[in-house]
Amino acid sequence: MQIINTITPDYRSYLSKEEMAAIEHEASIMETREAAGIEALKVVQKHRGWISDDSLYAIAQMLNMSAAELEGVATFYNLIYRQKVGRYVIHICNSISCHLSGYQQVLQAIKAHLGIDYGQTTADGMFTLLSNACLGGCDKAPVMMIGERHYEYLTPEKAVEILEKIAAGASTENYLSSFLNEGDAAADRENKPRSRDYLDDDDVAGEISEMELSDD
Ligand code: FES
C-alpha cells in the first residue's frame with residue numbers, strides 16, 4: 001500500500017495533546033520508541049475511530065520510525081482499522097468450531113438485519129461487519145466480538161437482539177449526553193469532572209448488553 005502523507009511536517013500540529021501524552025507514556029515504558037508502535041496506533045484509533053494515512057505518518061514521525069515500518073505493524077494487527085469504520089465494529093468468527101455451530105445462520109441474520117455485507121458499514125455509520133479468525137471461545141461457539149466484548153452461544157435471534165440493544169443504547173447515550181451537557185457546563189465552571197468523562201462506546205455497548213441479556 002502506498003502511504004500518502006498530506007499532513008504538515010510536524011506531528012505536533014496533527015496529534016492532540018492527549019494523544020501525544022498517551023503515546024509518550026507508552027514509549028517511556030518500552031525499550032525502544034519503535035516498540036510502542038502498536039500501543040500508539042491503539043491510542044490514536046481510540047480517539048479517531050481508525051488510522052488514516054496522516055495518522056500513521058504522524059505516529060511514525062513521533063516514534064522515530066518509518067511509515068512503512070509502522071504500516072507493517074498496523075497490517076499485522078487485525079484490530080487496527082486502516083479504513084474508516086462504523087462506531088461499532090462487529091468481528092464475527094468464521095473458524096471451524098463456529099462454522100460447525102451455526103455461524104452461517106448467525107451471519108445471514110446479521111447481514112439481513114443491518115443490510116450490509118462483509119467489509120461494509122451501515123448508512124447511519126453505526127456498525128461495520130468484519131470476519132475474524134478464531135476469537136478463542138470455541139467451546140462457546142458461535143462467537144462475535146464488538147468493541148472489546150465477546151458475545152457467545154449466538155443464535156440468529158440473539159445476535160440481532162444484541163445489535164438492536166447496542167443501537168438503542170447508543171441512541172439513549174446521545175439523549176443522555178445532551179441532557180448531561182447542561183450539567184457539564186456547571187461542572188466546568190466549578191472545575192469538577194465532566195459526566196461524559198466516565199463514558200466511552202465500549203462501556204455503553206457492554207453495560208447495555210450485559211444488563212439486558214443477563215436474564216436470558
Ligand atoms: S472457532 Fe470461533 S471462537 Fe474459536
Task: Reachable lysines, given that their alpha-carbon falls under 24 Å from the alpha-carbon of Lys111 and they are not under 8 places away in the same chain - done: Lys84, Lys140, Lys158, Lys165
Open item on the list: How large is the translational diffusion coefficient of the range 11-76 in µm² per second when you combine the Kirkwood radius over alpha carbon pairs with Stokes-Einstein at 10 °C and 1.306 mPa s?
Closed with: 140
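Using 0.36 nm per residue, how much length does the chain from Ala112 to Gln83 gain when fully extended, once their Cα-Cα distance is taken away? Please report the intermediate quantities before stating the final value.
On the way: separation 29, 0.36 × 29 = 10.44 nm, distance 2.31 nm.
Taking 0.36 nm per residue and subtracting the Cα distance, the gain is 8.1 nm.
Shape of the range 66-157 from its Cα gyration tensor (a ≥ b ≥ c, root eigenvalues): rounded if a/c is under 1.5, otherwise prolate when a/b > b/c, or oblate? The partial results should precede the final answer.
Working: a/c = 2.46, a/b = 1.38, b/c = 1.78.
Cα axes put the range 66-157 in the oblate bin.
None of the figures in this text is laboratory data; all of them are computed from the coordinates on show. Small disclaimer: the values here were computed from a predicted structure and weren't measured.
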